[in-house]
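Participant: Below: one structure in structure tokens.
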2 protein chains.
Amino acid sequence: MRPKPLSGFPEFLPSGRIVEQAVLDTLRETFELHSFASIETRAVETMDSLTRKGEITKEVYVVRRLHAASDDVAELGLHYDLTVPFARYVLENSGHLTFPFRRYQIQKAWRGERPQEGRYREFCQADIDIVGENTLAEHHDVEVVLVMLEALERLHERFGVPPVVMAVNNRKLAEGFYAGLGIEDHLAVLQRVDKFDKIGRDGVQRLLVDELGLNAGVAATCLDLAEIRTADTSFVERVRALGVQHPLLDEGLASLAEVVTAAAEAVPGRLVADLRIARGLDYYTGTVYETQMTGLESLGSICSGGRYDALASDGKRTWPGVGISLGVSRIVAPLVARGALTASRSVPSCVLVAVDAEETRGQASAVAAQLRARGIPTEVAPKADKFGKQIRYADRRGIPYVWFSDGSVKDIRSGEQVPADPQTWTPPASDLRPTVAAG
Amino acid sequence: MRPKPLSGFPEFLPSGRIVEQAVLDTLRETFELHSFASIETRAVETMDSLTRKGEITKEVYVVRRLHAASDDVAELGLHYDLTVPFARYVLENSGHLTFPFRRYQIQKAWRGERPQEGRYREFCQADIDIVGENTLAEHHDVEVVLVMLEALERLHERFGVPPVVMAVNNRKLAEGFYAGLGIEDHLAVLQRVDKFDKIGRDGVQRLLVDELGLNAGVAATCLDLAEIRTADTSFVERVRALGVQHPLLDEGLASLAEVVTAAAEAVPGRLVADLRIARGLDYYTGTVYETQMTGLESLGSICSGGRYDALASDGKRTWPGVGISLGVSRIVAPLVARGALTASRSVPSCVLVAVDAEETRGQASAVAAQLRARGIPTEVAPKADKFGKQIRYADRRGIPYVWFSDGSVKDIRSGEQVPADPQTWTPPASDLRPTVAAG
């Protein structure tokens, strides 16, 4: 009986895994070039810390020993993101870390949501965050955007992952704007404006007037703000034209303009100021980001984050941070499933060494060892067999070269066969490892 | 309030994580050179498959959605090894895999055991297995040993991980030997001989005589076999000298001699034939391996496995395999905790670009971008500050070079400062990334 896949727990065949590894390697390379240090945290957190804010809205998976004993004090759950564990890690290890602390973290997370394309119960995330002790300079808000856009641009250029558009806003901008209009409860307004995409301008207008008692003109001005979206800094003028004044608004405009200017220079065309972005109401206090893949907008945001004034706090000290989280599974699983990203072969092997007879397997192994010593992934045919069968073995796996005992090597794609010395023969760099490309 | 670590769930500081990454990279490199394909399986399996053999002796962690619904058919648990998930994966995907299938898998696993040094509730394993459809040639038993020993030897040579001794036996050898002595229930004997290290020769002799009714001479011969341990193939003669005859014994002796000969040639001094090794009674049917780190024998076996005639079966077909599993956490966590393996710095950064004033941050960022474009991990000072402070910032993290706006770079270890061009300056290869060495 064949077991059935578990809905929401995607697994790759070896060729899909090669695609995923190529993506993960590129992310790691980019993050390390920008000096983010890797950490990994345990898969479980105490239920207490997973539900710290009193809300259990996330679909947490509870974890319990089958043979639970009285010494298991804390109830545990699987982490549903990498931010909660990171905040705990910073608090737990603050005496051993140097701040500002720059970390990346690439790990699985789990949520019991209803599975759909791009949304899974087990998924891989890649997060970068910069965290300061008590203070954190604002230039880091620009920095994390640029690092993540650089990573996404590499995925686009190297493998043909669709290009992205990152939409950025600043919570101070909206808060200052609402304050300038005489509105006190800015969160109440933000919460309703956040429904713009779902219920439209008129719907939000009604909520602002009926539920919050704003007058129609003030509500309309809030919606005019929410409709501003520009690829350059012209959003500043358009906000100014609405005639609202407030120091916090000025701060937010300046911050956002800085992000837009820097991104336009570093990765042109990939970032827009979008004054409708809110990213929920929880802990973001400054810049907020979200990101869509061009042509795959239905997947939702693949990459989001922002600035939080208190990632963690121990009562005496506070750790503000800014971070951004990439949904690796949300990108890779749909692209692999659609055949939009493929690997050139399903195994690492560049060369298959043929075996004439079981008695000469040792000679084949010796050739393989020489090739491997020079960094060439090589396997020895599992069975002495007719050459045609050995070539078919290689072909079925996408292995490009077969090595024969007469000291020749055959490119089985072109059929070209040349004499070769295992001490010196070198394949073209593009054949050495599996490559990944748009399918 | 500072959160406390959870016993049995070790986490590394960034420098320890660099050590772990170096180990994992080396394992991956070795496995891929030998053409093992990477797979990852989901963290959860159905409880049914985790307890398939009716035994729930492993301390399984059960996983349940906090908001569980009636559509959650299967009860789930975290996998406690990578063999059970791999067997399920092979069965589920057999139509899409090509056999013999060579895979490596590096992932976390979870067991609710009592935590102690080298034994954790969450731990990382690295497994290689070769699985055939219906048949699998015996030369793969030799192969997986050589691949794992090559990986362990690289860890020893590159980083100073202690050398290992792998002890190998063959279940056919003991079974044939007991059969030659006229013993029918060879598992009953094996089970008792397995207690040799705990209760000594006399203790086992008593069990064999009292519980199994063997005569004292036969029991003594079984124990003579169990005491044979040789670094070369002389074990064959010593077994022959005990005067027992059986075709299965011949087969086992020949198999084991082949492993010993191949290993002595490839990685001299790292493998012994040890006729006491049993590796429990469950699914192993041929070669069995276990491994100790020299000087750290108290950690127990860091690497074990063997041949199993039926990794998986769907009723019609059977998938025999041979594999070996390395306890990455069991090696790395104790060595890092003891300071026996250390990283040269706690961040990826090779260069810190100093910032004179916040107004010139853009120039510092431009220098950093040029260095990164040539593969040099670089960070920009988070704050314009006195040069002494910026040097201290680098020093505290182990960053070897500081770049100044006058176009010079300083090796802060030697104090040497030279003019440099960000388009051409290149650090020594040994400084480019953090290095790992015996502490």
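The values are calculated or read from the model by the stated rules, or taken from the named source; none is laboratory data. Computed from a predicted structure; not experimentally measured. A quick note on method: Cβ atoms are made from the backbone with ideal geometry, for glycine too, and the neighbour counts reach across all protein chains shown. With ligands, DNA and RNA removed, areas are computed over all heavy atoms of the protein, side chains included. Shrake-Rupley method; radii C 1.70, N 1.55, O 1.52, S 1.80 Å.
Participant: Of (1) hydrophobic (A, V, I, L, M, F, W, C); (2) loosely packed, with under 13 Cβ neighbours inside 10 Å; (3) under 27 Å from the mean Cα position of the chain (by Cα), residue B:216 satisfies all except one. Which?
Facilitator: (3)
Participant: Residues that are among the charged types (D, E, K, R): find the strands (runs of 3 or more DSSP E) completely inside the stretch B:376-431 holding 2 or more of those.
Facilitator: Once the strands (runs of 3 or more DSSP E) in the stretch B:376-431 are filtered for at least 2 residues that are among the charged types (D, E, K, R), what remains is B:408-411.
Participant: State all residues of the stretch A:1-38 that are more than 8 Å from chain B (Cβ to nearest Cβ), more than 29 Å from residue B:432 (Cα to Cα) and open to solvent by less than 50 Å² (accessible area, probe 1.4 Å); if no residue qualifies, say none.
Facilitator: Those that are more than 8 Å from chain B (Cβ to nearest Cβ), more than 29 Å from residue B:432 (Cα to Cα) and open to solvent by less than 50 Å² (accessible area, probe 1.4 Å): A:8, A:15, A:16.
Participant: In addition: Suppose we keep only residues that are open to solvent by 50 Å² or more (accessible area, probe 1.4 Å) and more than 25 Å from residue A:18 (Cα to Cα) within the stretch A:395-415. Which one would you say is nearest to the other protein chains (Cβ to nearest Cβ)?
Facilitator: Going through the qualifying residues, I end up with A:405.
Participant: Please give the number of the condition residue A:191 fails out of (1) crowded, with 19+ Cβ neighbours inside 10 Å; (2) more than 14 Å from every other protein chain (Cβ to nearest Cβ).
Facilitator: Residue A:191 satisfies every listed condition except (1).
Participant: Sticking with this one: Do we find that residue B:85 is at pLDDT 95 or above and assigned to a loop (DSSP other than H, G, I, E, B) in this structure?
Facilitator: It is false that residue B:85 is at pLDDT 95 or above and assigned to a loop (DSSP other than H, G, I, E, B).
Participant: Let me ask something else about it. With the structure loaded, tell me whether residue A:369 is within 12 Å of chain B (Cβ to nearest Cβ), within 17 Å of residue B:140 (Cβ to Cβ) and touching a residue at least 24 places away in the same chain (Cβ under 8 Å) or whether it fails that test.
Facilitator: no
Participant: Given the criteria in contact (Cβ under 8 Å) with a residue 40 or more places away in the chain, of a type in the set (Ser, Thr, Tyr) and away from chain A (no Cβ under 14 Å), does residue B:135 qualify?
Facilitator: For residue B:135, the condition - in contact (Cβ under 8 Å) with a residue 40 or more places away in the chain, of a type in the set (Ser, Thr, Tyr) and away from chain A (no Cβ under 14 Å) - is not met.
Participant: Kindly establish whether residue A:175 is buried (at least 18 other Cβ atoms within 10 Å of the Cβ), assigned to a helix (DSSP H, G or I) and either at negative phi or modelled with pLDDT of 95 or more (or both).
Facilitator: yes
Participant: Here is a follow-up. Among the residues of the stretch B:50-70 satisfying the criterion of being modelled with pLDDT of 70 or more and under 17 Å from residue A:8 (Cβ atoms), which is most open to solvent (accessible area, probe 1.4 Å)?
Facilitator: Result: B:64.
Participant: Please go through the stretch B:149-170 and pick out each residue that is part of a helix (DSSP H, G or I), out of contact with any strand residue (DSSP E or B) (no Cβ under 6 Å at 6 or more places or on another chain) and open to solvent by less than 20 Å² (accessible area, probe 1.4 Å).
Facilitator: B:149, B:151, B:155, listed by residue number.
Participant: From the set of residues in the stretch A:338-360 that are more than 29 Å from the chain's Cα centre (by Cα) and either open to solvent by 10 Å² or more (accessible area, probe 1.4 Å) or not hydrophobic (A, V, I, L, M, F, W, C) (or both), which is farthest from the other protein chains (Cβ to nearest Cβ)?
Facilitator: By that ranking, first place goes to A:356.
Participant: Now for a separate question. Return yes when residue A:127 is more than 13 Å from chain B (Cβ to nearest Cβ) and within 16 Å of residue A:323 (Cβ to Cβ) and no when it is not.
Facilitator: yes
Participant: Does the stretch B:237-254 hold any residues that are aliphatic (A, V, I, L, M) and more than 15 Å from residue B:221 (Cα to Cα), and which are they?
Facilitator: B:248, B:253, B:254, listed by residue number.
Participant: Let me ask you something else. Pull up the stretch B:85-112, narrow it to residues that are touching a residue at least 60 places away in the same chain (Cβ under 8 Å) and charged (D, E, K, R), then point me to the one that is least open to solvent (accessible area, probe 1.4 Å).
Facilitator: B:103
Participant: Continuing with this model, one more query. Name the one entry in B:392, B:433 that is at pLDDT 95 or above, under 16 Å from residue B:18 (Cα atoms) and not aliphatic (A, V, I, L, M).
Facilitator: B:433
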